[in-house]
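One structure is given below, encoded as structure tokens.
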Amino acid sequence: MAYDAPLARCSRRQLLAMAAAAAAAGPLHAQPQAGFATRPVRVVVPFAAGGATDVITRVLGEHMARRFGQPVVVDNKPGAAGLIAGEAVVKSAPDGMTALLGTTSTMLTNKYLYQKTAYDPLTDLTPLVRVCLAPIALVVTADVPARNMQEFMAWIRANKGRLSYGSYGIGSHGQLACSTLSDIAGADMSHVAYKGEAPMVQDLLGGQIKIGMGSLLSLKAHIDAGKLRALAMTGPRRVPLLPDVPTFAEAGYPQDALALVGWLAIAGPKGMPAQVARQWAEAANQAVASRDGMARIIAAGFVPVDDDTPEKFARLWAQEAPVWGRLLQAAGVQPT
């Protein structure tokens, strides 16, 4: 999942409105607690400074620092599809002083995309807590004669073998979702894999492709401008930034590739004590529920998660891993 684009700008009014919507969560009254943190806590981020994941991490880190009673230091280690950051955390001591805030790719699907890695995310990381869901949107250009999923499926079926769709890379969720839709419709669409969302969006706006899937962080401004039309979103519930756009399941397409949703989450190295894991989860939940934490997450086009536990996350991780693996295999994605 590509979530390293610069954070979308929101007006003061928008951010205040989102913060007001988050007010039900109540103010954060985190007091330092006796626990594992005896020195500054390090959170490793697999993207460069200034991107959405980095900004969200820093906002949440400010709140978690109050809970831990120690500063939270963000350590940006971009590159190699998140493998550099993951390896840094895997090699650290399991004392809670180092954690990874990464994506589904960093913590799960890389296992199926790369043959030679220094670690296996499913066995060498301890799942701690999700901080938000990261759904992606199916969009078409304004000249496409489809305003809902039923019309879209009829259109691609009527244009069998003549259409291409873009995604932000081979093995991306966008590829898996569009491949599934193509198979359902018998549309024989071609996949155009881009190196990130920015060049995909550029070709959508330029008319080189008419169909794409990506994050709201990259797409929403063009949706608002009427240049792109959002038809459906992955995941179990609608996104606050596009409340009128249905999920694929609501539109009648509940298949795995369309129902799954990526996430941003925190993990630690293998062997982290259960009590330390719980402290991380409690600190993260409170940080997400804070007004600025929730506002930042919503502004980036994500769905906040402020009630996760290490146990819930571990179960979800184990359940989703083989599904992603099967989908990648079915789409013909070969590990490199």
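The values are calculated or read from the model by the stated rules, or taken from the named source; none is laboratory data. What you see is a predicted model, and the numbers here were worked out from it, not measured in a lab. For neighbour counting, all protein chains shown are included, and Cβ atoms are generated from backbone atoms with ideal geometry for every residue, glycine included. Heads up: the accessible areas ignore ligands, DNA and RNA and are worked out on the full protein's heavy atoms, side chains in. Shrake-Rupley method; radii C 1.70, N 1.55, O 1.52, S 1.80 Å.
Summary of computed values
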{"item": "Sites Lys91 and Ala259 - FRET efficiency at Förster radius 41 Å, r taken between beta-carbons, to 0.05", "result": "0.75"}
{"item": "Fluctuation leader among Ala284, Ala80, Ala249 - the chain, Gaussian network, Cα springs under 10 angstrom", "result": "Ala80"}
{"item": "Vicinal HN-Hα couplings computed from phi for the range 129-145 (Karplus, 6.51 cos²θ - 1.76 cosθ + 1.60; Hz; Gly/Pro x)", "result": "5, 8, 10, 6, 8, 10, x, 10, 10, 8, 10, 10, 6, 4, 8, 6, x"}
{"item": "Kirkwood hydrodynamic radius of the range 246-336, from inverse mean 1/r over distinct Cα pairs, in Å", "result": "15.6"}
{"item": "GNM flexibility winner over the chain from Pro121, Pro322, Pro145 (Cα, springs under 10 Å)", "result": "Pro145"}
{"item": "From phi via Karplus (6.51, -1.76, 1.60), per-residue ³J(HN,Hα) for the range 36-51 in Hz, x at Gly/Pro", "result": "6, 6, 10, 7, x, 8, 9, 10, 8, 10, x, 10, 5, 4, x, x"}
{"item": "Of the trypsin sites (Lys or Arg not before Pro) in the range 96-139, those whose Cβ has at most 11 other Cβ within 10 Å and which sit in DSSP loop", "result": "Lys116"}
{"item": "5 angstrom amide H check on Trp263, placed H, neighbours 5+ away", "result": "Thr104, Ala134"}
{"item": "Residue with peak Gaussian network fluctuation, the chain [Cα springs, cutoff 10 Å], from Ala318, Ala99, Ala267", "result": "Ala318"}
{"item": "Contact order relative to length of the chain, as percent, for alpha carbon pairs under 8 angstrom and 6 or more apart", "result": "27"}
{"item": "For a label point 7 Å along the Cα-to-beta-carbon line of Tyr114, residues of the range 297-336 with backbone N under 15 Å", "result": "335-336"}
{"item": "The chain: radius of gyration over Cα atoms, expressed as a fraction of 2.2 N^0.38 Å", "result": "0.98"}
{"item": "Contour excess over end-to-end distance, with Cα ends at Ser164 and Ala221 and 0.36 nm allotted per residue", "result": "18.3 nm"}
{"item": "Percentage relative contact order, the range 142-195, counting C-alpha pairs under 8 Å, at least six apart", "result": "41"}
{"item": "Distant-in-sequence amide H partners of Gln208 (H built 1.01 Å from N, under 5 Å)", "result": "none"}
{"item": "Cross-link reach list, lysines versus Lys270, counting only Cα pairs under 18 Å and skipping chain neighbours closer than eight places", "result": "Lys91, Lys111, Lys312"}
{"item": "Rounded to the nearest 10 Å², the accessible area of Lys227 at probe 1.4 Å", "result": "120"}
{"item": "Residues with amide H under 5 Å from that of Thr126, placed H, sequence gap 5 or more", "result": "Gly268, Lys270"}
{"item": "Karplus-derived 3J(HN,Hα), 6.51/-1.76/1.60, for each residue of the range 74-86, Hz, glycine and proline x", "result": "8, 10, 7, 10, x, x, 6, 6, x, 5, 5, 5, x"}
{"item": "Rounded to 5, the percent of DSSP beta bridges in the chain classed as antiparallel", "result": "60"}
{"item": "Cα gyration tensor shape for the range 80-202, rounded if a/c is under 1.5, else prolate or oblate", "result": "prolate"}
{"item": "Length gained when the stretch Arg147-Gln208 is fully extended (0.36 nm per residue, less Cα-Cα span)", "result": "20.0 nm"}
{"item": "Met272 accessible area, 1.4 Å probe, all protein chains in place, Å² to nearest 10", "result": "20"}
{"item": "Average accessible area per residue (Å²) across the chain - probe 1.4 Å, nucleic acids and ligands excluded", "result": "41"}
{"item": "Spin-label model distance (nm) - Leu122 vs Val73, 7 Å beyond Cα toward Cβ", "result": "3.4"}
{"item": "The chain: angle of helix 52-68 to the longest principal axis, Cα-based, in degrees nearest 10", "result": "20"}
{"item": "In degrees, nearest ten, helix 310-330 long axis to first principal axis of the chain (Cα)", "result": "30"}
{"item": "Nitroxide proxy distance, nm - points 7 Å out along Cα→Cβ at Arg237 and Asp307", "result": "0.7"}
{"item": "Computed label-point distance, nm, for sites Ala80 and Gln334 using a 7 Å Cα→Cβ extension", "result": "2.3"}
{"item": "Dimensionless Rg ratio for the range 198-276, taking C-alpha atoms and the 2.2 N^0.38 Å reference", "result": "1.43"}
{"item": "Carbon plus sulfur fraction of accessible area for the chain, probe 1.4 Å, in percent", "result": "52"}
